[in-house]
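So the structure is just underneath, and the comments pick up after that.
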Amino acid sequence: MAQSDIQTVPAAHGKAFRMRQGQSVRLINTHGSQVVDCWAWRDPEMSEYMSMEATRVWNQRLNPVVGDSLVTNLRNPILTVVEDTSPGVHDSFMAACSRERYERLGVSGYHRNCFDNMIEAVAALGLTIPNPSLASLNIFMNIAVKEDGRSLDTRPTVTRAGDHITFRADMDCIVAFSACPQDIVGIQADGDNTPRDVQFAILDDDFADVPTSPSWVPER
Ligand SMILES: [Zn+2]
């Protein structure tokens, strides 16, 4: 296994990086408590981006599991979940936190947020996102569907320290992670809801042969 150095996404900050088709990224929940928002774009045509709504149609699932591909607004697989040692609880429903979200939560003054982290992280690569979106894959985030089948319940993560999930790139792409700065709504499971660092590493071709998941079509 060829693996890049372990890199850190500092608590409440973001980091973006490029992957070639066939490479993978392993994201480690170092402290076990941290939610990580994730976006991806085709490289270099960033007008094609990972779409949570198209991914739910593709897999006919609320949230992705191992073997599921995440697809773009043009319905092309961009990432496939190839490994997950966590309990497999992730979220594709909740909008990323943003400056306005914290204003609505009563914060006065600027609060770091995943949306700005994503834009800053991609800008550090010298790139501008043509159509930045609040729709992120919220890795390790625990949003349960209540028994009525309609309502959502926001809960703390159930991940253990060191749990990791791995995504294989299905096209040349740019990926952004944000170690969510949320410290008001109780989503981080460390007791005091404090954002923590997470780590990641790029793997070369370990999972290059894993198939993408097929697009769902109804039986006729
Ligand atoms: Zn956030």
Residue match in the range 180-191 (condition: closer than 25 Å to Ser98 by Cβ and among the acidic types (Asp, Glu)): yes
The range 86-101 - residue that is touching a strand residue (DSSP E or B) at 6+ places or on another chain (Cβ under 7 Å) and within 15 Å of Leu27 (Cβ to Cβ) and, of those, surrounded by the most Cβ atoms within 10 Å (Cβ to Cβ): His90
Test: residue in the range 101-113 that is touching an Asp or Glu at 6+ places or on another chain (Cβ under 9 Å) and under 20 Å from Pro64 (Cβ atoms): no
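In the range 4-52, what residues are assigned to a loop (DSSP other than H, G, I, E, B), of a type in the set (Gly, Ala, Ser) and within 16 Å of the ligand (Cβ to nearest atom)? Outline the logic, then answer.
The first filter runs over the range 4-52 and keeps only residues assigned to a loop (DSSP other than H, G, I, E, B), leaving 4-6, 10-13, 20-23, 29-35, 43-48, 51.
When the remaining residues are screened for being of a type in the set (Gly, Ala, Ser), the result is 4, 11-12, 22, 32-33, 47, 51.
Of everything in the range 4-52, those that are assigned to a loop (DSSP other than H, G, I, E, B), of a type in the set (Gly, Ala, Ser) and within 16 Å of the ligand (Cβ to nearest atom) turn out to be Ala11, Ala12, Ser33.
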Flag if Val57 is in a loop (DSSP other than H, G, I, E, B) and among the aliphatic types (A, V, I, L, M): no
Filtered residues of the range 170-203 (kept if within 25 Å of Gly126 (Cβ to Cβ) and either free of Cβ contacts under 8 Å to residues at least 40 places away in the same chain or open to solvent by 60 Å² or more (accessible area, probe 1.4 Å) (or both)): Asp172, Asp197
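Being among the polar types (S, T, N, Q) and in contact with an Asp or Glu (Cβ under 8 Å, 6 or more places away or on another chain) is the filter here, so list the residues in the range 119-175 that pass it. Can you show your working first?
Of all residues in the range 119-175, those among the polar types (S, T, N, Q) come to 128, 131, 133, 136, 138, 142, 151, 154, 157, 159, 166.
Scanning the range 119-175 gives Ser136, Asn138, Asn142, Thr166.
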Within the range 68-86, tally of residues that are touching a Ser or Thr at 6+ places or on another chain (Cβ under 7 Å) and farther than 20 Å from Pro214 by Cα: 1
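The values are calculated or read from the model by the stated rules, or taken from the named source; none is laboratory data. Owing to the predicted nature of the structure, the values given are computational and were not obtained by experimental measurement. Counting neighbours? That spans all protein chains shown, and the Cβs are built from the backbone with ideal geometry, glycine included. Side chains are part of the model used for accessible areas, which takes the heavy atoms of the whole protein and leaves out ligands, DNA and RNA. Shrake-Rupley method; radii C 1.70, N 1.55, O 1.52, S 1.80 Å.
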